[in-house]
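The values are calculated or read from the model by the stated rules, or taken from the named source; none is laboratory data. Being a predicted model, the structure only gives us computed values, none of them experimental. Ideal geometry is used to build each Cβ from the backbone, glycine not excepted, and the neighbour counts take in all protein chains shown.
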């Protein structure tokens, strides 16, 4: 799956509940065509951008902890990437 297809799938599923690897539920809302805002229990925890997903696609061998060093919302971005890239 290429970046555009994956990102479009993410945008189409706005408002649905997803889960991090540690089973934390979250939802998201589209901010614009390149960014979504992540929510946990109605509190915003940060944004995930199309560039975030591109970074994950370009660096598939990084550990979850290395992603965390690069981006604050890594758990949410990885959860979305893994869900839609099955």
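Per-structure values
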{"item": "Residue in segment 73-83 that is at pLDDT 90 or above, at negative phi and either in contact with a helix residue (DSSP H, G or I) (Cβ under 8 Å, 6 or more places away or on another chain) or surrounded by 16 or more Cβ atoms within 10 Å (Cβ to Cβ) (or both) present", "result": "yes"}
{"item": "Any hit, segment 36-48, residues being under 18 Å from residue 82 (Cβ atoms), surrounded by 14 or more Cβ atoms within 10 Å (Cβ to Cβ), in contact (Cβ under 8 Å) with a residue 60 or more places away in the chain and touching a helix residue (DSSP H, G or I) at 6+ places or on another chain (Cβ under 6 Å)", "result": "no"}
{"item": "Number of positions in segment 18-32 that are touching a residue at least 12 places away in the same chain (Cβ under 8 Å), surrounded by fewer than 13 Cβ atoms within 10 Å (Cβ to Cβ) and over 14 Å from residue 83 (Cβ atoms)", "result": "3"}
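One line per residue, one yes/no per condition, for (1) in contact (Cβ under 8 Å) with a residue 12 or more places away in the chain; (2) part of a helix (DSSP H, G or I); (3) touching a helix residue (DSSP H, G or I) at 6+ places or on another chain (Cβ under 6 Å):
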{"site": "5", "(1), (2), (3)": "no, yes, no"}
{"site": "11", "(1), (2), (3)": "yes, yes, no"}
{"site": "16", "(1), (2), (3)": "no, no, no"}
{"site": "52", "(1), (2), (3)": "yes, yes, yes"}
